[in-house]
Amino acid sequence: MRFSRKTIAIAKVVLCFFVLDFLLRSESALANNQNNVSLTIAKHLFSKESHQDKNMVLSPLSLQVVLSIIATGSEGPTQQQLLNFLQSKSTYQLNSFASTLVSVILKDAAPASNELCLMISRTRYVSISPLFSLQNTYACPDFVNIFAVEVNNEVNLWAERETNGLIKELLPLGSVDYFTQLIFANALYFKGEWNDNFDASETNVYDFHLLNGNSVKVDFMTSDEKKQFIRDFDDFKVLGLPYKQGEDKRQFTMYFFLPNAKDGLPTLLEKLASESELLQHKLPLDKVEVGDFRIPRFNISFELETSDMLKELGVVLPFTNGGLTKMVNSAVSQNLYVSKIFHKSFIEVNEEGTKAAAATAGLLCGSSLSLPTDINFVADHPFLFIIREDLTGTIVFVGQVLNPLAR
């Protein structure tokens, strides 16, 4: 049987369509997994008793990048434990998704400047194994045979430079010592201008209600825009504030999840974490008429040594000897383990837009409903926020605001 050129061309188009659809579905599934991990981390961290009265912001993406690299340099049960936590079937799948994030989501473009940089620092004479390769996914400046204090300072200066001065002292003094073999560090910087700026002259002081029943006076922003991206559910509302789009197709949006009850944030976080696959379906896609509309200005800095949190979430083996054998091609590889993973993040939200940054460093050592009109959205009590790249659905930052006056 012979086919005409037209029939063959149509068949090629159909085949390309199915391949593209398969790839898009695969990327969507990986993004959903990334969001699941992000919300799992947020839920665990925000619900801890030591953090229940704190404003917090973190970049799960920054932390997951470091864990992905550690997974690439591991094998056996250690690697499997990391893959299970990151909800990935293989390091190939993990690295493929990471490459997509770096090349598509985090590439530098105006006006929203986003950078993801990765540095591998070596404080002793240990060579990277040829089996362990980042495959040109990340830039990896090298620091060999530098004294511990100098390495500590070098990493901190690098993180500060890559985040435009927002992240300082990523590694505490003394965190690098004689036993430190490798340092993995990444830094992420985000700056976005609102698509519709708030008028600073209309910013006024109102009460913000705290979880303990008290209230504080806070500067609230408002807008003359009569329509906003809002969805109203039974027990919470979601507001989407898009950032101006650059010349590429990326679209970043900050989402505010506001419980109806003034003390409803813990319940809302539990709900979102347990239904993370439905996050996409809870976000507002259309503008609706808005009544009273107020968002507080806030500024948050947060830092955490994450090893205890990760162990509580089931990531235990990377912190013990024997599983990171693909990291280096010397006998010391049998005794490598992760000692500490430091994470530091910052966010500032004002009338013009958002500045946000995060940095993570890992140290390895030897031994829908129909919408009513005129919806009010007044964020005058604790709420959750997410900065998300909407094209891929990737969560870049997540945080909670309990008191806008607290830093």
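The values are calculated or read from the model by the stated rules, or taken from the named source; none is laboratory data. Everything numeric here is computed off the predicted structure, so don't read it as measured data. As a convention, Cβ positions derive from the backbone with ideal geometry for all residues, glycine included, and neighbour counts pool all protein chains shown.
Just wondering, is there one or more residues in the stretch 308-320 that are at pLDDT below 90 and more than 27 Å from L86 (Cβ to Cβ)? Checked against the condition, which is being at pLDDT below 90 and more than 27 Å from L86 (Cβ to Cβ), the stretch 308-320 yields no hits at all.
The rows are residues; the columns are (1) farther than 20 Å from K237 by Cβ; (2) of a type in the set (S, T, Y); (3) modelled with pLDDT of 95 or more.
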| site | (1), (2), (3) |
| --- | --- |
| S330 | yes, yes, no |
| V338 | yes, no, no |
| F346 | yes, no, no |
| N350 | yes, no, no |
| T360 | yes, yes, no |
| G366 | yes, no, no |
| I375 | no, no, no |
| A379 | no, no, yes |
| P382 | no, no, yes |
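Filtered by the rule that a residue be in a loop (DSSP other than H, G, I, E, B) and either closer than 27 Å to D53 by Cα or not charged (D, E, K, R) (or both), the stretch 242-266 gives Q245, G246, Q251, N260, A261, K262, D263, G264. Sub-6 Å Cβ pairs linking a first residue in the stretch 172-199 that is more than 13 Å from V338 (Cβ to Cβ) to a second residue that is of a type in the set (K, R) and assigned to a loop (DSSP other than H, G, I, E, B), at least 6 apart or interchain, are E193/K244; N195/K244, ordered by first then second residue. Count of the stretch 68-98 residues, restricted to those that are among the aromatic types (F, W, Y) and buried (at least 17 other Cβ atoms within 10 Å of the Cβ), is 2.
For the stretch 310-325, a residue qualifies if it is surrounded by 13 or more Cβ atoms within 10 Å (Cβ to Cβ) and on the phi < 0 side of the Ramachandran plot, and the qualifying residues are L310, K311, L313, V315, V316, L317, P318, F319, N321, G323, L324, T325.
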